[in-house]
Amino acid sequence: MAVAFKLLASACHFRECQRHKVLHAFLGPLITNHISKMYSSYRRPGTSPDKAPVWKQIDFSTEKIVNGIKKHFKLLKTEIVEHATTYDGQPLHIHLWGQTRVVWKFRSRIDLNRWIASSDIEIGGKSEAYLKLGTNNKSAVFYGTLNTEVPRDGETKYSGYCGYKANIQRLPQGFFNRKKYYNWTKFNSLYLRVRGDGRPWMINIFTDPYFSHQKDDTYHYFMFTRGGPYWEEITIPFSKFFLCNQGRVQDHQYPLWLDKISTIGFTLGDQAAGPFQLEIDFIGLLMDRTHTEEFAYEQYERNTKF
């Protein structure tokens, strides 16, 4: 591990261009699993850290080991067959010629249960957020009440937000618990059909980073709804999304990792107290041939070379 730390420290000087490639070829899983223990995750005010030893959290059982081996070799067989006959879960002819793809749709309670509603009530706030199926079970309705009153706990300074996020735990896993992600490299835009109330929303795209110090990196862009009874179709190029870490826009911007998408979410925090509603028909992807921009934000070198 000492060698890994030295290599990682030396790689920091060159991370501007190779941020997500350094050491991953031979130390990626090792670094992610071990260094992550050195970083303390954010805890909500009033919660205590989990100090239980790691060995106490492991359940050693022979039956579970045998069942696990059977399960993972079955998954391995399934993945080999899918890899030979499909691409990214899609038939080859659809992958080659398809210009759009629906990733999330809302047609049943099962589709709705794949999403999680949250609000500042987790930190003592008074905002409320709910989920329900729309008319004729053809859409999802995100609704609630935004309350900007700051909780009187002596720690929290800001409040008044509600959010919705696709449950990352619902992502399928590969054999031997290998993480699987959404691969959107064939598309260049996010495509949504929504009906809002005129409020601005922030779209959050989460990726699974290679290194633990990037675990709080998210990509954001804004979605402006016009209100009214009519549906609107919104297209947002991936090149417009900007990088943030724990809510702070980063000085160095990097394009979205389209091959390691883990989940997506929506956040409302316009500081306008009152009821809100956002109805979504589907969330999909689009390959827009007319959009040629690779990245919308200029890059600057902080240390000028002489």
Given the protein chains as shown and a 1.4 Å probe, how many square angstrom of Ser118 are accessible, to the nearest 10?
40 Å²
Lys56 - accessible surface, heavy atoms, 1.4 Å probe, Å² rounded to 10:
130 Å²
Greater than 20 Å apart at Cα, pairs in Lys132/Lys240; Lys71/Lys260; Lys132/Lys165:
Lys132/Lys240; Lys71/Lys260
Of the candidates Tyr164, Trp201, Asn188, the farthest towards the positive dipole end of the range 154-287 (Lys/Arg Cβ +1, Asp/Glu Cβ -1, centred on the Cα centre) is Asn188
With a probe of 1.4 Å, find how much accessible area the range 98-286 has per residue, and write the answer as a whole number in Å².
48 Å²
Environment charge of Arg193, counting only residues whose C-beta is closer than 13 Å and scoring Lys/Arg +1, Asp/Glu -1
-1
Need one value: the accessible area of Val81 in square angstrom, 1.4 angstrom probe, rounded to the nearest 10.
80 Å²
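The values are calculated or read from the model by the stated rules, or taken from the named source; none is laboratory data. Being a predicted model, the structure only gives us computed values, none of them experimental. We place every Cβ from the backbone using ideal geometry, glycine too, and count neighbours over all the protein chains shown. Just the protein is used for accessible areas: all its heavy atoms, side chains included, with ligands, DNA and RNA removed. Shrake-Rupley method; radii C 1.70, N 1.55, O 1.52, S 1.80 Å.
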